[in-house]
Amino acid sequence: MNDYNKFDSYPALSQEQFDFFVKLIYKIGGIQLDHKKKDLVVSRLGRRLAFHNFTGWNEYINFLKLESPEELTEFVNALTTNKSEFFRENIHFKFMEEKIREIHAKDPSYTFYFWSAACSFGCEPYTIAMVMENISKGLGVTLNYRILATDIDTEMLNKADSGVYSLQDVKRDVPDNFLRQYFLTGKGPNASLARVRPELKSNIKFRPFNLISKDKLPLKFDFIFVRNVLIYFDPPTVEGVLKKLSSHLKLGGHLITGLCESVVIPELSPRGNSIHQLPPKVSASARTAVSVAPSRIKVLIVDDSKVIQTVLNKLISENPAFEVSGVAGDPFEANELIAKDRPDVVTLDIKMPKMDGIAYLSKLAALNIPAIMVTGAADEDNHLILDAMARGATDVLIKPTPSQFEAFKVQLWDALFSAKSANLQKSKKLVSSIPLAFEGKLSERIIAIGSSTGGTKALEVILCALPIEVPPVVIVQHIPPIFSRHLAERINQMAQITVKEAEDGEMAVPGTAYIAPGDRHMEIRDVGGKWRIKLNNDGPRNRHKPSVDVLFDSIAIEAGERAQGVLLTGMGKDGAEGLLKIKHRGGSTFAEHESSCVVYGMPKAAIELGAADVIAPLQDIPMALAKRFNSKAKLAG
């Protein structure tokens, strides 16, 4: 038996050895590893060294060069990162259900075929099966369906096929009625586990499949899910994977990518929410027409640094959804370029010659052109960033170092999409405070708020309207880490309540609002009837850290009917599923109305899920919170 603990520490990994592993995993799986993953490579591949009793990396590299299929499989298994959740991005399952019902109404004997093309440890295919079984019960029939679930990681496939999960995770993600119907909970030493019922597994087949290989399947599918995996591939690989998947669709079938993955698929027609359809009837002429890609988002780069100009130009141009319309070294040069070719979005530095970026924001606002700040401002200049956001900048990004380019690229793309969708006129809207009163035992309740683009101003409106006598308020705002404390300090100067950056382990008390640090997830724990804040350094969720869903999930579990969840303006869908979980647990839920949102993304996703009890414009949310809180307090009394 091999001793997996025989090394006190694994041997040092040279850059040349690391580069070999990076190139090999890209060649096999199309997966890109940046230099920040070096420790991960050492940790995970170090176990392979121990397994083979190798004492150095070159021994393992030479072994890999023999191209043993078994070892190459283990190599891939070690380096692939798998994360999944039941009912993740639930809006896709709502769409799927509508289409299933439409098809069944036309052909009751129809057999539906699904492909979960990167199934990780199985949450997605089991969710598809639960939805199908639920539709069957609703219709009073037995729907015919088959689900193919594939992944490159065979170890994860074995776990998926076992159907065994942490009971805590299942309770977090799966509605109670589904949990009772489709899972068996363990007893005794297995009390912490839940197993998928055999009847739910009967229509699912798990098998290994490499999306970047030349292999094809002998089937055509009605729905293909390939969500939140494309972000690990470079653009040429993404193009090849999407082309392969599109070729496996039935006419009228749908290919579904992650909500955070903005892709253009020439062969398919966009249907919103990262859903793409192969037209039901496609002639040769129509197929040509479908191939015309939609207009690209034009981006003007304004920065006096030639290096940053080059970096931004390169990273923006890697996404076919964008087009760099021009590059300017200062606002005056930018004016000339705008006059010639009006951009959709401007990236703007803060400190520049002739005119600083904050002053130039007013000019762009007058033209109704959204801007994101891309700055290297020092800590003492953080007040300038918040001033820029108060003046209408839709987002703030910190200029990256070379090792941060890949992570920054994703943030930049998200910020550009968000800015293009922003309604700048709504960001200017000022709302005055109104007198409110919260009755009852304040310490027993808790208010949780999530926000993103436009959220710094929205939070100011909400928090400045709250009275001193208010339950604890916990907040996740998507914001770079160095600015969260300054945001809290800024609002604290204006609000009646205390506003501060949250600290790990502190107790949340009435009359105080806690804003999550910009680089930590925040959760809440019920400790003897008191609320303890827990910060963690887990990976991003929904591409965000902190994530609203992480906070809302903990609120749903720990606070239940004692909670009030509020989802404000922002791009994407972070917080939508968490808000639904709060509602399912008996809490009160609120979503900002489109009329006041700078970006109507996150609230819209929640509303489409049926997660919001109350839908109200920003200025009406504080009063709605007080009314719902007081009505529940009276019932409890």
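Miscellaneous remarks
- Residue in region 106-120 that is touching a helix residue (DSSP H, G or I) at 6+ places or on another chain (Cβ under 8 Å) and part of a helix (DSSP H, G or I) present: no
- Test result for residue 210, closer than 30 Å to residue 604 by Cα, in contact (Cβ under 8 Å) with a residue 24 or more places away in the chain and in a loop (DSSP other than H, G, I, E, B): no
- On inspection, residue 157 does not qualify as in contact with a strand residue (DSSP E or B) (Cβ under 8 Å, 6 or more places away or on another chain) and part of a loop (DSSP other than H, G, I, E, B).
- Counted residues, region 489-509 - those being within 24 Å of the chain's Cα centre (by Cα) and surrounded by 15 or more Cβ atoms within 10 Å (Cβ to Cβ): 2
- Within region 329-342, not a single residue is part of a strand (DSSP E or B) and of a type outside the set (Ser, Thr, Tyr).
- Taken together, the residues in region 581-616 that are among the hydrophobic types (A, V, I, L, M, F, W, C), surrounded by fewer than 23 Cβ atoms within 10 Å (Cβ to Cβ) and in contact (Cβ under 8 Å) with a residue 40 or more places away in the chain amount to 1.
- Candidate set: region 490-547, residues that are assigned to a loop (DSSP other than H, G, I, E, B) and free of Cβ contacts under 8 Å to residues at least 12 places away in the same chain; chosen: the one nearest to residue 458 (Cα to Cα): 493
- Region 307-359, residues that are modelled with pLDDT under 90 and in contact with a Pro (Cβ under 6 Å, 6 or more places away or on another chain): 318, 355
- Subset tally (residues that are under 14 Å from the mean Cα position of the chain (by Cα) and of a type in the set (Lys, Arg)) for region 527-565: 3
- Complete set of residues in region 172-193 that are part of a helix (DSSP H, G or I), touching a residue at least 60 places away in the same chain (Cβ under 8 Å) and buried (at least 16 other Cβ atoms within 10 Å of the Cβ): 172, 173
- Single condition residue 316 does not satisfy, out of (1) in contact with a Lys or Arg (Cβ under 6 Å, 6 or more places away or on another chain); (2) outside any strand (DSSP E or B): (1)
- Here residue 463 meets the list (1) in a helix (DSSP H, G or I); (2) more than 26 Å from the chain's Cα centre (by Cα); (3) not charged (D, E, K, R) almost entirely, failing just condition (2).
- Remark: residue 451 falls outside the filter, which requires a residue to be at pLDDT below 80, in contact with a Gly (Cβ under 6 Å, 6 or more places away or on another chain), under 25 Å from residue 574 (Cβ atoms) and among the polar types (S, T, N, Q).
- Residue tally, condition more than 28 Å from the chain's Cα centre (by Cα) and without any contact (Cβ under 8 Å) to a residue 40 or more places away in the chain, over region 213-231: 4
- Residue under evaluation residue 92, criteria (1) more than 19 Å from the chain's Cα centre (by Cα); (2) surrounded by 16 or more Cβ atoms within 10 Å (Cβ to Cβ), criterion not met: (1)
- Checked against (1) of a type in the set (Lys, Arg); (2) at positive phi; (3) part of a helix (DSSP H, G or I), residue 409 meets all criteria but (2).
- Selected residue (only one of 130, 156 is within 23 Å of residue 248 (Cβ to Cβ) and in contact (Cβ under 8 Å) with a residue 60 or more places away in the chain): 156
- The set of residues in region 510-552 being surrounded by fewer than 21 Cβ atoms within 10 Å (Cβ to Cβ) and farther than 25 Å from residue 482 by Cα consists of 510, 525, 526, 527, 528, 529, 530.
- When residue 289 is tested against (1) at pLDDT 90 or above; (2) over 27 Å from the mean Cα position of the chain (by Cα); (3) not in a strand (DSSP E or B), exactly one condition is not met: (1).
The values are calculated or read from the model by the stated rules, or taken from the named source; none is laboratory data. Every value quoted in this text rests on a predicted model; they were computed, and no experiment measured them. In this analysis, Cβ positions are derived from the backbone assuming ideal geometry, glycine residues included, and neighbour counts consider all displayed protein chains.
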